[in-house]
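The block underneath contains the structure these notes are about, expressed in structure tokens.
None of the figures in this text is laboratory data; all of them are computed from the coordinates on show. Fair warning: this is a prediction, and the values are worked out from it, not measured in the lab. Heads up, the Cβs are rebuilt from the backbone with ideal geometry, glycines too, and the neighbour counts pull from every protein chain shown.
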Amino acid sequence: MQPAFLSDVELYFSENVNGNTLEVSGEEFHHIKDVMRHKIGDEIFVTDGKGVIYKTEIERFEKKSLLARIISTTSYPNKFSTITFCIPRLRSTDRFEFALEKCVELGITNFIVFDSQRTVAKGEKLDRWQKILTAAMKQSLRSWLPTVKYCKSVKEIIELDGKKIFFGQNATDSLLNYFVSNHQPQITNHFFLFGPEGGFSNEELRVMSEEIKIKLTDNRLRSETAIVTAASIIATNLVQ
């Protein structure tokens, strides 16, 4: 959880930290200088995307960047580092991006976007997805920059190292019960696979036949609702 003193501030992102100063450039610089109209001497909060939030004071404006003096630092662990959400492209771009945003707000930091056989829109848009994730990180005052990768199929994900869990409405065990019954209060190196509209194809189910199948609720959920529900359950109950 982020500290209360951040609740009413803007959080910016910059990886350019050098000793007791940091540099902010690009769109972040434009937003600070031209949109928020900050001046020399103003305090701003910046994260490096690696778990640290810096309280800083603006010292100097350059033509395309600013320099700020670091006043204090606060570090946060990534409690979700061993969890990867594998999300299919959805028919609705808005609903797909909504799911990404809400997962970041709840703490998820690792994503794989994949093409299911029943996916309508295919192909990668990594720059677009990363921009959405970065914006969601700042908006929700998170200090770990989410990452996103792209896989062309379910099979590519299954071949990765780690435990795979996919969601199916006719599964007998629930997400929460699975971890409680298996005495796994903490999740380690798990990939959670969500189906697209219409569910996984028979071929994809065959590929996943040796993996763990669980359900979220007794009700049928939209894909984006299922994704956010799983993130909420994990954030609330399973991450220590």
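Descriptive notes on the structure:
- For residue 124, net neighbour charge (Lys/Arg +1, Asp/Glu -1) across residues whose Cβ lies under 15 Å away: +3
- Multiplying each eigenvalue of the alpha-carbon gyration tensor of segment 21-117 by 5 and taking the square root yields semi-axes of 34, 18, 10 Å, largest first, rounded to whole angstroms.
- Summing charges over all other residues whose Cβ lies under 15 Å from the Cβ of residue 32, with Lys and Arg as +1 and Asp and Glu as -1, gives -1.
- Entry for Rg/Rh (Cα atoms, Kirkwood Rh) (calculated from the structure that is shown) out of [x] 1.03; [y] 0.93; [z] 0.99: [x]
- Charged neighbours of residue 139, selected by a Cβ distance under 9 Å, balance to 0 (K, R count +1; D, E count -1).
- Placing R0 at 30 angstrom, the Cβ-Cβ distance between residue 92 and residue 189 gives a FRET efficiency of 0.45 after rounding to 0.05.
- Among beta bridges from DSSP that stay inside the chain, the antiparallel ones total about 50%.
- Restricting the trypsin sites (Lys or Arg not before Pro) of segment 1-95 to loop positions (DSSP other than H, G, I, E, B) with no more than 11 neighbouring Cβ atoms within 10 Å leaves 37, 39, 63, 64.
- In segment 31-93, lysine pairs closer than 26 Å at Cα, eight or more apart or cross-chain: 12
- Summing Cβ point charges (Lys, Arg +1; Asp, Glu -1) relative to the Cα centre of the chain gives a dipole of roughly 300 debye.
- Prolate/oblate/rounded call for segment 80-186, Cα gyration tensor, a/c under 1.5 rounded: oblate
- For the chain, the residue among 134, 221, 198 whose Cα projects farthest onto the positive side of the dipole built from Cβ charges is 198.
- Note on residue 25 and residue 69: the model spin-label points, each 7 Å out from Cα along the C-beta direction, lie 2.3 nm apart.
- Each 10 Å bin from zero up to the one holding the largest Cα-Cα distance in segment 4-75 carries the following percent of pairs: 21, 62, 17, 0.
- What the Cα convex hull of segment 53-94 gives, in volume per residue, is 158 Å³.
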